[in-house]
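The values are calculated or read from the model by the stated rules, or taken from the named source; none is laboratory data. Computed from a predicted structure; not experimentally measured. Cβ placement follows ideal geometry from the backbone for every residue including glycine, while neighbour counts extend to all protein chains displayed.
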Amino acid sequence: MPRTFIILSVYLMFCFSVSYSQDNRNDEKLRNIIREFGQADVTIPFTSRIKADYISRNLSVYASRNKQLYISLSEGDLEWFLNQHIDYQVIENYGAKGLVTSESVGQAVEWDTYPTYTQYDSIMRLFTVQYPSLCQLDTVGYTIYNKLVLVLKISDNVTSNENEPEVFYSSSMHGDETGGFVLMLRFIDYLLKNYNTDPRVKKLVDNLEIWINPLANPDGTYLTGNTISTPVRRNAQGYDLNRSFPDPMDPTIVVAKENLDMIKFMRKHNFVISANFHGGAEVVNYPWDRWYSKYHADDAWFLNISRDYADTVHYYSGTGYMTDEDNGVTRGADWYVVYGGRQDYITWELQGREVTIELDAIKLTPAAQLGLLWLYNRNSLLGYIENALYGIHGLVRDSATYAPVMAKVFISGHDKDSSHVYSDTIHGAFTRMLAPGTYTLTFSAEGYKSKVITDVDVLARQRADLIIDLEADLTNIEIPLPGPPKIYPNPASGMINFVLPGTMAGEISVVITGNSGKIMREFNTSNTIGVPVIIDVSRLAGGSYIILFRNIATGSKSQGRFVVIK
């Protein structure tokens with residue numbers, strides 16, 4: 001074990017003590033901790049997957065190791081938890097003593113202390129002053145306490161929307177998992193400072209649009225004001241942000257305000273690959289989180305890129321770091337099941353590719369360890385977004401006008417469970433990252449004849465380019481629309497009823513698009529004459545949407561417009 005980890009182990013022994021038996025005195029201790037710090041961490045035995053799944057549906061599990069589940073409890077969780085009569089151990093966390101606060105912006109940008117919130121804001125703005133041609137400051141939105149959720153775009157032509165893959169790093173959606181916050185700030189600084197001197201950095205900045213959100217939950221991190229003193233996992237309303245994204249199988253999940261803003265922000269972009277950074281464990285976690293028996297179509301690719309991240313970390317860290325689960329890598333549900341998680345939402349709903357990277361066994365990374373966290377992860381951070389340069393890259397165009405076409409890109413015999421991608425509406429561009437192999441791609445778009453391209457070879461760490469020209473499907477223009485659906489209530493914020501014309505009975509496809517033309521939802525259902533098709537629109541951002549119903553058997557269509565209010 002390297003000397004750094006001997007020091008870290010001693011620090012852990014100092015920072016954590018454990019209370020073992022569950023009795024009234026222990027329950028009272030738990031209540032007092034939550035009363036004082038806003039939350040408490042406990043461990044319980046991992047006795048079975050069924051029991052772990054039950055716990056995960058109701059509480060915020062943040063790690064599983066040594067046959068123990070690690071759980072973060074809030075005030076709202078406490079009585080439910082105690083009523084389960086589970087043996088538990090209280091983790092008394094004094095880790096906040098290691099959260100040294102910067103005295104100035106100058107000290108903060110040495111990256112071995114934690115900035116105040118105002119210093120953080122200043123640092124993000126300072127980047128744009130020092131490197132105006134390379135970066136641009138944007139916001140995801142505002143928190144409940146009116147703090148900005150900041151994001152920085154880095155690109156060689158930063159004011160332009162270029163035909164380049166967009167990639168996204170985001171950290172600390174759990175406010176008490178702090179190491180990734182400073183790590184992301186330092187990564188921004190590294191890219192900007194080394195653009196003109198490091199060919200690897202220059203290649204990334206020249207060929208990608210890189211977006212970085214260092215702090216996704218400022219209210220949780222800066223709970224008591226301007227400094228990090230007693231950070232908590234949840235947002236100001238008590239929501240665990242990584243348990244309150246829309247879940248494809250659980251419409252009852254309440255979506256937190258910060259997540260609604262994040263979804264709106266991500267829908268504006270077409271992030272082909274992303275990662276969110278956490279603490280409390282040391283592992284790269286890839287989809288799926290919420291299905292134990294279901295594997296993503298690109299499971300082999302996910303495993304490879306996760307393995308690359310962890311193995312690169314091991315090369316620079318020596319032994320002892322990022323070795324949880326299978327030597328630093330796990331498929332999410334193999335670890336423990338998560339409902340309403342971000343990485344599954346992005347990968348399922350937005351056709352993105354996201355992993356969750358757990359950076360540190362200590363949630364509150366001590367300031368003294370921030371330098372090591374950077375040294376261990378720097379090259380992995382570069383290598384992960386390099387994946388966006390590989391795979392199949394292409395343009396989909398109208399064969400007559402060469403105008404961009406938004407098309408569904410589907411790999412026959414491979415894609416399943418929403419693993420396909422779309423070309424964008426601005427350039428008609430798409431990126432499909434894949435494990436090495438030979439693939440058959442089908443391109444389909446409304447109003448165009450589908451096109452099949454066979455024998456497309458994908459090589460490791462190589463790029464294959466395609467230009468696809470789609471012909472207009474003139475056979476469909478004679479099919480009259482049978483009339484618009486009856487829509488009520490409209491506007492709405494929850495459920496909307498769509499009563500379709502009689503010719504639309506049977507199996508139908510449903511496509512909802514925003515004003516930009518981007519597909520927001522796409523699914524199949526059945527329609528019975530006179531019975532409304534009920535659709536939940538609560539997960540859509542406020543605004544106007546077009547909905548197209550198509551009878552799968554006859555091709556008959558019905559189109560309408562509805563408005564979502566928030």
Can you tell me how many residues in the stretch 192-203 are in a helix (DSSP H, G or I) and touching a Phe, Trp or Tyr at 6+ places or on another chain (Cβ under 9 Å)? 4
Just to be sure, is MET520 over 23 Å from PHE410 (Cα atoms) and either at pLDDT 90 or above or not β-branched (Val, Ile, Thr) (or both)? no
Look at the stretch 86-112 and say how many of its residues are assigned to a loop (DSSP other than H, G, I, E, B) and touching a residue at least 40 places away in the same chain (Cβ under 8 Å). 9
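The rows are residues; the columns are (1) over 21 Å from LEU381 (Cα atoms); (2) modelled with pLDDT of 95 or more; (3) assigned by TED's automatic domain parsing to the domain that holds MET520.
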position	(1), (2), (3)
THR221	yes, yes, no
PRO231	yes, yes, no
ASN242	yes, yes, no
ASP250	yes, no, no
LEU260	yes, no, no
GLY279	no, yes, no
When every residue in the stretch 413-446 that is surrounded by fewer than 17 Cβ atoms within 10 Å (Cβ to Cβ) and of a type in the set (Asp, Glu) is compared, the one farthest from the chain's Cα centre (by Cα) is GLU446
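For every residue, the table says whether it meets (1) under 15 Å from GLN89 (Cβ atoms); (2) at pLDDT below 65.
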site: MET1; (1), (2): no, yes
site: PHE5; (1), (2): no, yes
site: ILE44; (1), (2): yes, no
site: SER48; (1), (2): no, no
site: LYS51; (1), (2): no, no
site: ARG57; (1), (2): no, no
Any residue that is under 19 Å from TYR336 (Cβ atoms) and under 26 Å from the mean Cα position of the chain (by Cα) - is there at least one of those in the stretch 75-86? yes
If I filter the stretch 285-297 for residues that are part of a helix (DSSP H, G or I), of a type in the set (A, V, I, L, M, F, W, C), at pLDDT 95 or above and out of contact with any Phe, Trp or Tyr (no Cβ under 9 Å at 6 or more places or on another chain), do I get at least one hit? no
Mind checking whether some residue in the stretch 136-156 is acidic (Asp, Glu), crowded, with 16+ Cβ neighbours inside 10 Å and assigned to a helix (DSSP H, G or I)? no
Only one residue in ILE362, ILE392, ILE357, ILE385 is among the hydrophobic types (A, V, I, L, M, F, W, C) and assigned to a helix (DSSP H, G or I), so which one is that? ILE385
Name every residue in the stretch 226-251 that is among the hydroxyl-bearing types (Ser, Thr, Tyr) and either surrounded by fewer than 22 Cβ atoms within 10 Å (Cβ to Cβ) or outside any loop (DSSP other than H, G, I, E, B) (or both), in order of residue number. THR227, SER229, THR230
Can you find a residue that is within 27 Å of ASP261 (Cα to Cα), β-branched (Val, Ile, Thr) and within 23 Å of the chain's Cα centre (by Cα) anywhere in the stretch 120-129? no
Mind listing whichever residues of the stretch 427-474 are assigned to a loop (DSSP other than H, G, I, E, B), in contact (Cβ under 8 Å) with a residue 60 or more places away in the chain and in contact with a strand residue (DSSP E or B) (Cβ under 7 Å, 6 or more places away or on another chain)? HIS427, MET433, LEU434, GLU471
I'm told VAL283 meets every condition in (1) of a type in the set (A, V, I, L, M, F, W, C); (2) crowded, with 24+ Cβ neighbours inside 10 Å; (3) without any contact (Cβ under 8 Å) to a residue 60 or more places away in the chain except one. Can you identify the failing condition by its number? (3)
Does at least one position in the stretch 14-27 carry a residue that is at pLDDT below 95, farther than 18 Å from HIS174 by Cβ, touching a strand residue (DSSP E or B) at 6+ places or on another chain (Cβ under 8 Å) and in a loop (DSSP other than H, G, I, E, B)? yes
Single condition ASN387 does not satisfy, out of (1) crowded, with 18+ Cβ neighbours inside 10 Å; (2) without any contact (Cβ under 8 Å) to a residue 40 or more places away in the chain; (3) out of contact with any Phe, Trp or Tyr (no Cβ under 7 Å at 6 or more places or on another chain): (2)
Just wondering, is there one or more residues in the stretch 516-530 that are free of Cβ contacts under 8 Å to residues at least 60 places away in the same chain, buried (at least 16 other Cβ atoms within 10 Å of the Cβ) and in a loop (DSSP other than H, G, I, E, B)? no
If you check PHE277 against the conditions, is it closer than 30 Å to ASN157 by Cβ, part of a helix (DSSP H, G or I), out of contact with any His (no Cβ under 9 Å at 6 or more places or on another chain) and not small (Gly, Ala, Ser)? no
Taking the conditions exactly as written (of a type in the set (A, V, I, L, M), at pLDDT 95 or above and surrounded by fewer than 22 Cβ atoms within 10 Å (Cβ to Cβ)), does VAL254 satisfy them or not? no
Just one of the numbered conditions (1) at pLDDT 95 or above; (2) crowded, with 23+ Cβ neighbours inside 10 Å is not true of ASN270; which one? (1)
Do you know which of the residues in the stretch 289-309 that are free of Cβ contacts under 8 Å to residues at least 60 places away in the same chain and among the hydrophobic types (A, V, I, L, M, F, W, C) is surrounded by the most Cβ atoms within 10 Å (Cβ to Cβ)? PHE302
Report the residue count in the stretch 535-555 for those that are in a loop (DSSP other than H, G, I, E, B), surrounded by 18 or more Cβ atoms within 10 Å (Cβ to Cβ) and in contact with a strand residue (DSSP E or B) (Cβ under 7 Å, 6 or more places away or on another chain). 2
